[in-house]
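Worksheet for the structure shown next.
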Amino acid sequence: MDLAINPFSSGTRLRDMIRAIRACKTAAEERAVVRRECAAIRAAISEGDQDYRHRNMAKLMFIHMLGYPTHFGQMECLKLIAAAGFPEKRIGYLGLMLLLDERQEVLMLVTNSLKQDLNHSNQFIVGLALCALGNICSAEMARDLAPEVERLLQNRDPNTKKKAALCSVRIVRKVPDLAEIFMSAATSLLKEKHHGVLISAVQLCMELCNASNEALEYLRKNCLEGLVRILRDVSNSSYAPEYDIGGITDPFLHIRVLKLMRILGQGDADCSEYINDILAQVSTKTESNKNAGNAILYECVETIMSIEATSGLRVLAINILGRFLSNRDNNIRYVALNMLMKAIAVDTQAVQRHRATILECVKDADVSIRKRALELVYLLVNDTNVKPLTKELVDYLEVSDQDFKEDLTAKICSIVEKFSLDRLWYLDQMFRVLSLAGNHVKDDVWHALIVLVSNASELQGYSVRSLYKALQASSEQESLVRVAVWCIGEYGEMLVNNLSMLDMEEPITVTEYDAVDAVEAALQRYSADVTTRAMCLVSLLKLSSRFPPTSERIKEIVAQNKGNTVLELQQRSIEFSSIIQRHQSMKSSLLERMPVLDEANYLVKRAASIQAAVPSVNSAPAVTSGGPFKLPNGVGKPAAPLADLLDLSSDDAPVTTSAPTTAPNDFLQDLLGIGLTDSSPIGGAPSTSTDILMDLLSIGSSSVQNGPPTANFSLPGIETKSVAVTPQVVDLLDGLSSGTSLPDENATYPTITAFQSATLRITFSFKKQPGKPQETTISASFTNLATTTFTDFVFQAAVPKFIQLRLDPASSSTLPASGNGSVTQSLSVTNNQHGQKPLAMRIRMSYKVNGEDRLEQGQISNFPAGL
């Protein structure tokens, strides 16, 4: 009678409680309902109510899923598990998995009940125990119950075997040391016919491989034959309705077996050879008109690319990816592009055959596919195909979406800069990019273009005429306008008089006033852009000297900015007007053409600015394959910024004073990123006494500190020199682009003195890995030549992008004085362009002398040939 009156008594059905909670209109009402129901359940638990125990637990689980605390029901779960009946155990185990996790200490109380249920005669109760153990097993429970689970792997019932295998996966994951007791049973399960058991067994084998090298070798010897048989049977099997998905028999088993084959064949030539035939069979027989078939083919391709497959099989795999690129499904094309990016490192020529299809993907409507295809095209570019690929990309740049122009422009500029050896072709491509997408060109790109034009005296006339025509056709591209007005200001007489004409050029008619009109139009159009307006004013001032008849008009245009609210423009206008009016005698010499810009200095500054933006790298030894990278030798000392390591503008001598003060640079030099610094003696301050007008107009500059760039930046046709550790000058970057001959595997390499100063000597000895000519182990030995002991010694190194470097910890952080002993350190180097480019390395050593920090650095260019 009481139960009928109180709708929230412990006897309330689960569905009635759910209805009551869903009927609540506010969170407060819901909390009240849950509070009353929890109170009733607590009362029933304390009274030992046996009739509604499983119903109360079901309601507690629903309340738990709503986010309310239900810890008071945990012991009730254990009581239900200990009950004899299956319904109570089912609710108890379900509550155990929901209300508890492996971190709860109360979980240890259920270990004995689990052990009893794992030995129960009822297969359903055994299944409940395996399911619970597989979900919440802790390391302690795994050690206690592993023998029971291993025994159940040999049970007659397929469902029990399947659950036992999945439970074993959890046990091995929690306690890898237990892997050996499951190896034999896992191999036996691969002989089963039930697909559910096979999938579980394959998953267990994969976990065993990850847990132990011993298990990996055991499975390579004992389960490859079974895996090949499974894959052959399932590929050749007739229609089976219980396993059929889209006309493919059990694609899930296909994929699991292929994944395990990938793990077993990776790095093992014998295993790879054994599975080559079945992989070729699956690749050719699987239909690709259904999604299930495509999933199997993709997994097959990934397996082929990961193992030591034959070249023919790899070509087959890459051709499958080529077919994927023609599929209408965007997801299939995207994963194909991702896989091709991995495959290009394995077989570039096979991927090159699909270049046309990949280029079409760059024009796809889906932005994700466009970006991925663009990255792949960038990887495909080499010296032989750079011109046709660049033409395709530039042609597409004209019609591409605005959102995609930035990425596309950046890749085109990078390709042109990286692979161009012909200055004329470089200029043509950059002028076209500026015309089509100048608003998306980054500052350092058009800065580099101006530097190259300044150095290419034979192409200055061609450049100014091409830019003038481009400016007339399109004045909406900001970077185009900046480069054009700079060139018009510097080489205006070449534009008007058609000087330095190339054979392919046709003369154009441009008057002096036309040139001034072009700069004036840019000045008016970009009224809000301070940089462009400042460059226009400088250009007009120079034209007033080159074209005297236009002086009055230029003076009027310049004077319009005397009242400009931007101080920079106002100052320039006033000073330029003064030069035009009052300094006629010195104007011609003051406004002479700028001297050739120092490309080496520009590259140094550009490299430093880019490296400064790279996030700091952890001090732990690691492998890198992207750009210069520093690795300390394990001494617990904060590493200096990466940019400092690559900054070749500093001397190789130990650093004992602060860096020299930067001399004031003119505005245009600052825009171009080629500001020069004063090279003063140590401890001395730089001094400049240039006139303000001379400084403003870039007439005269402070002396340049020695040191060329080491980063991978180059301008087409410009040879860059770098300073070695020893006083002699060596051509490091030129060496990086030249081919080298492949060495004999058994060749020996002489020990070299990599670095030597008055206080420190470093020697390198070399050892090759058999069968891996691109890998070199370097043993570095550091000797202190000074009379004082060095402490906190740290060795760091940076390498180009095509080299991978790993540093092992040094033998000590203390260098004894006067050469009494040395410190050793091992370096592992992988040259990904072995035979094409030699090793190159920039090094830095930091240490303390009597508590005072010291720093030495330099670059190594005398590596033996063939490394």
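Here is how the numbers come out for the structure above:
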| quantity | calculated |
| --- | --- |
| For Lys848, solvent-accessible area (1.4 Å; no DNA, RNA or ligand), Å² | 60 |
| Positive minus negative residues near Val558 (Lys, Arg vs Asp, Glu; Cβ under 12 Å) | +2 |
| Gain on full stretching of the segment that runs from Ile18 to Phe86 - 0.36 nm per residue minus C-alpha separation | 22.0 nm |
| Selected from Trp486, Met586, Tyr513, residue furthest toward positive end of dipole (the range 433-604; charges at beta carbon) | Met586 |
| Selection of trypsin sites (Lys or Arg not before Pro), the range 82-158, meeting DSSP coil and at most 15 other Cβ within 10 Å | Arg103, Arg156 |
| The range 835-866-the range 252-306 distance, computed between alpha-carbon centres (Å) | 45 |
| ³J(HN,Hα) computed for each position of the range 399-408 - Karplus, 6.51 cos²θ - 1.76 cosθ + 1.60, integer Hz, glycine/proline x | 10, 6, 5, 4, 5, 9, 4, 5, 5, 5 |
| Reciprocal of mean inverse Cα separation for the range 57-198 (Kirkwood radius, Å) | 15.5 |
| Two-site label geometry, Glu29 and Lys221: point separation in nm, points 7 Å out along Cα→Cβ | 7.1 |
| Modelled label reach - Glu102, point 7 Å along Cα→Cβ, the range 142-165 residues with backbone N closer than 17 Å | 142-147, 149-150, 164-165 |
| GluC sites (Glu not before Pro) within the range 178-255, DSSP loop, no more than 14 other Cβ atoms inside 10 Å | Glu242 |
| Among Val451, Tyr526, Val441 - extreme Cα towards positive end, dipole of the range 433-604, charges at beta-carbon | Tyr526 |
| Point-to-point label distance, Ala758-His64, nm (Cα→Cβ direction, 7 Å offset) | 7.5 |
| Computed magnitude of the charge dipole of the range 433-604 (debye, nearest 20; Cβ of K, R +1, Cβ of D, E -1) | 560 |
| Per residue accessible area in Å² of the range 433-604, where ligands, DNA and RNA are left out and the probe is 1.4 Å | 39 |
| Heavy atoms of Leu166 accessible to a 1.4 Å probe, total area in Å² rounded to 10 | 90 |
| In sequence order, calculated HN-Hα J values of the range 768-778 (Karplus, 6.51, -1.76, 1.60; Hz; x Gly/Pro) | 9, 7, x, x, 10, x, 7, 9, 9, 9, 10 |
| Projected label distance in nm at Gln349 and Ser368, using a 7 Å step from Cα toward the beta-carbon | 3.5 |
| Pairwise FRET efficiency - Asp517 versus Asn439, Cβ, R0 = 22 Å, nearest 0.05 | 0.45 |
| Selection from Thr783, His834, Ile762 lying farthest towards where the dipole of the range 749-860 points positive, charges on Cβ | His834 |
| Taking the convex hull of Cα positions in the range 433-604, its mean projected area over all directions (nm²) | 10.2 |
| The range 22-117 pair-distance distribution - Cα-Cα, 5 Å bins, rounded % | 2, 13, 25, 22, 18, 11, 5, 3, 1, 0 |
| Net lengthening on full extension, Glu273/Asp407 (0.36 nm per residue, minus Cα-Cα) | 44.0 nm |
| Dipole in debye (nearest 20) - the range 779-852, about Cα centre, beta carbon charges: Lys, Arg +1; Asp, Glu -1 | 340 |
| Gain in span if fully extended, Ser288 to Ala559, counting 0.36 nm per residue against the direct Cα distance | 90.3 nm |
| Whole-Å distance, taken between Cα centres, linking the range 39-95 and the range 343-385 | 60 |
| Isotropic mean projected area of the C-alpha convex hull, the range 760-848 (nm²) | 5.8 |
| Heavy atoms of Thr759 accessible to a 1.4 Å probe, total area in Å² rounded to 10 | 40 |
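The values are calculated or read from the model by the stated rules, or taken from the named source; none is laboratory data. The structure presented is a predicted model; accordingly, all values stated were derived computationally and were not measured. Positions of Cβ are generated from backbone atoms using ideal geometry, with glycine treated the same way; all protein chains shown enter the neighbour counts. To get the accessible areas, we keep the full protein, side chains included, count just its heavy atoms, and leave off ligands, DNA and RNA. Shrake-Rupley method; radii C 1.70, N 1.55, O 1.52, S 1.80 Å.
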